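This report refers to the structure that appears directly beneath it.
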Amino acid sequence: MPSPCDPQHAPVGDVGAALMMIDSRLKAIYDERTETDPEQQALTDQFAASLGPSGVDDMLDGACTLIYMFMQWLRMAYEDHDKDVIECVVPNLVATLRMMPKSVRPEAIPTMAGLLIAAGTGLSPSLWRKQYGYWTTDEMNPLEATAFLLAEHINRLTDDRDFATRLISEALSSADDN
């Protein structure tokens, strides 16, 4: 029986913008720039304000698409080693989110775990989340952190700081070619 959360029914969103945000965060961390740069934050805030309500929705859907794609890649990678993606990824990511109390409120962590499990089992994280209402302001940082942590996990597994970004960029390029 088909699920109402099947990815074929999900909006893809603005994957490029979401990827740009994640890639920017990855590069900052890899360059050991862990403090928030006021100029960078101002540009990010200006960009977000320029999106408008539908643009923000597209960015949220794009972040969920990233989470889905990252979890699908991780699922295949772990299955190649007879491991389960949920068992290998979710507990570590949840533990990391719990160590980020300034950015991630504790009540948002179960939602992020649910997104990961949905994506890891082949469901659309965006459609899964929409079952429970609209995104809250308190879920914005955790959503970004979740996508970031998945990308960083992939980069560590592959020992390549740009692998996750390249993975998505190549998928977007091949989709444009079709």
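Pairs of alpha-carbon atoms within less than 8 angstrom and 6+ residues apart define the contacts here; what relative contact order does the range 60-178 have, in percent? Show your work: numbers first, answer last.
Numbers: 108 pairs, mean separation 39.0, N = 119.
For the range 60-178, the relative contact order is 33 percent.
Using the basic label-point model (7 angstrom from Cα toward the beta carbon), what is the Leu172 to Gln131 distance in nanometres?
Calculated label separation equals 2.9 nm.
Over the range 100-178, what portion of Cα pair distances is larger than 20 Å, expressed as a whole percent? Don't jump to the answer; show the numbers that get you there.
Working: 1368 of 3081 pairs.
Here the tail beyond 20 Å accounts for 44 percent of pairs.
Can you give the longest run of the chain that contains no chymotrypsin sites (Phe, Trp or Tyr not before Pro) sitting in a DSSP loop with at most 10 other Cβ atoms inside 10 Å?
1-131
So if I average 1/r over every pair of distinct C-alpha atoms in the chain and take the inverse, what Kirkwood radius in Å does that give?
In the chain this quantity evaluates to 16.6 Å.
Under a cut-off of 23 Å between alpha-carbon atoms, report the lysines in cross-link reach of Lys102, not counting same-chain residues fewer than 8 places apart.
Output for Lys102: Lys27.
Using helices alone, what [θ] at 222 nm do you get for the chain, with -39,500 (n - 2.57) per DSSP H run of 4 or more residues, divided over all residues and rounded to the nearest 500? Present the calculation step by step, with values, prior to reporting the outcome.
On the way: 7 runs with 124 residues, N = 178.
Only helices count here, giving -23500 deg cm²/dmol.
Read-outs: derived from the displayed coordinates by stated rules, not from any lab. Not measured: the values here are computed from a predicted model. Note: ideal-geometry Cβ built from the backbone for every residue, glycine included; neighbour counts use all protein chains shown.
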